[in-house]
Amino acid sequence: MYLREEKWLLAEKMLIKSINTAPSKITYYNLGIAYYKLGQFKKAASYFLKSSDDSDYSFYGYVVCLIKDERKSEAKKQMKAFRRDAPNFVGEIEVAELYVELHCYKEAVTWYENGWNDYFKDPHWISGFMYALFQMNDMPRAQKLLQSLIMEKKQNIKDAKEDKDESWSEDDRKEYIKDELKHLKEFENMMKNVASLSHPELEFTPSFQTTCYLFGCPRHHHPEY
């Protein structure tokens with residue numbers, strides 16, 4: 001409840017009490033969020049690490065906190081631990097964005113390329129990819145990719161206008177076209193201003209985790225009180 005209400009100090013107090021009673025990865029993770037929101041990145045890193053599994057979002061949060069805590073050399077070392085074949089792998093684009101934050105543009109480009117076919121082409125991460133390519137002095141590649149995205153968006157808009165499929169409503173169609181037009185404009189502006197793109201801001205907005213707390217729950221095999 002305190003996390004939901006963004007009362008981080010009160011949440012910290014209750015989470016520590018919970019950990020002292022019965023520690024769990026979920027509680028460690030949530031305490032990491034509280035410390036992150038309080039700007040206590042060293043403590044946040046510690047608890048994200050305690051809650052993490054191989055290459056997952058908690059481990060991603062751990063590396064983010066290392067960067068925020070100005071422990072970038074340590075962060076670079078930890079980056080090597082990310083594995084694409086891990087069961088709960090956080091994702092290629094997320095790893096690429098960490099490399100951009102660390103000014104490791106060659107590695108960032110590699111990870112962006114790994115995730116290119118599997119992610120929705122959102123302008124936010126695309127701008128980070130273009131920024132990394134520019135830092136690598138690979139303007140031709142940046143322009144080629146942007147041109148392909150512009151052509152793709154134009155085709156999507158054309159197809160949506162001509163599509164007679166009744167499985168989606170007219171409002172849905174209009175909303176889709178509106179979003180595609182917005183992205184088309186962003187990619188066109190990006191194409192014109194690749195050289196002036198600014199260093200992208202790293203977005204990290206963790207959501208707290210919940211679990212079943214019911215005594216005697218048969219589904220989760222909890223003991224009675």
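When the residues of the stretch 98-126 are filtered to those that are open to solvent by less than 10 Å² (accessible area, probe 1.4 Å) and without any contact (Cβ under 8 Å) to a residue 40 or more places away in the chain, the one that is farthest from residue 176 (Cα to Cα) is 102.
Considering every residue within the stretch 127-142, establish whether at least one is part of a helix (DSSP H, G or I), farther than 20 Å from residue 60 by Cα and either free of Cβ contacts under 8 Å to residues at least 24 places away in the same chain or of a type in the set (Val, Ile, Thr) (or both). Among the residues of the stretch 127-142, at least one is part of a helix (DSSP H, G or I), farther than 20 Å from residue 60 by Cα and either free of Cβ contacts under 8 Å to residues at least 24 places away in the same chain or of a type in the set (Val, Ile, Thr) (or both), which makes the answer yes.
Restricting attention to the stretch 210-224, does a residue exist that is open to solvent by less than 100 Å² (accessible area, probe 1.4 Å), in contact (Cβ under 8 Å) with a residue 24 or more places away in the chain and more than 22 Å from the chain's Cα centre (by Cα)? Yes: one or more hits. Against the test of being crowded, with 18+ Cβ neighbours inside 10 Å and among the polar types (S, T, N, Q), the options 24, 46, 18, 51 yield a single qualifying residue, 51. For residue 91, the requirement of being in contact with a Gly (Cβ under 7 Å, 6 or more places away or on another chain) and either open to solvent by 70 Å² or more (accessible area, probe 1.4 Å) or modelled with pLDDT of 95 or more (or both) is met. The residues of the stretch 199-209 that are open to solvent by 90 Å² or more (accessible area, probe 1.4 Å) and either among the hydroxyl-bearing types (Ser, Thr, Tyr) or not in a loop (DSSP other than H, G, I, E, B) (or both) amount to a single one, 205.
The values are calculated or read from the model by the stated rules, or taken from the named source; none is laboratory data. None of the values given here were measured: they were computed from a predicted structure. Note that each Cβ is placed from the backbone with ideal geometry, even for glycine, and that neighbours are counted across all protein chains shown. Calculation scope for accessible area: heavy atoms of the full protein, side chains included, ligands and nucleic acids excluded. Shrake-Rupley method; radii C 1.70, N 1.55, O 1.52, S 1.80 Å.
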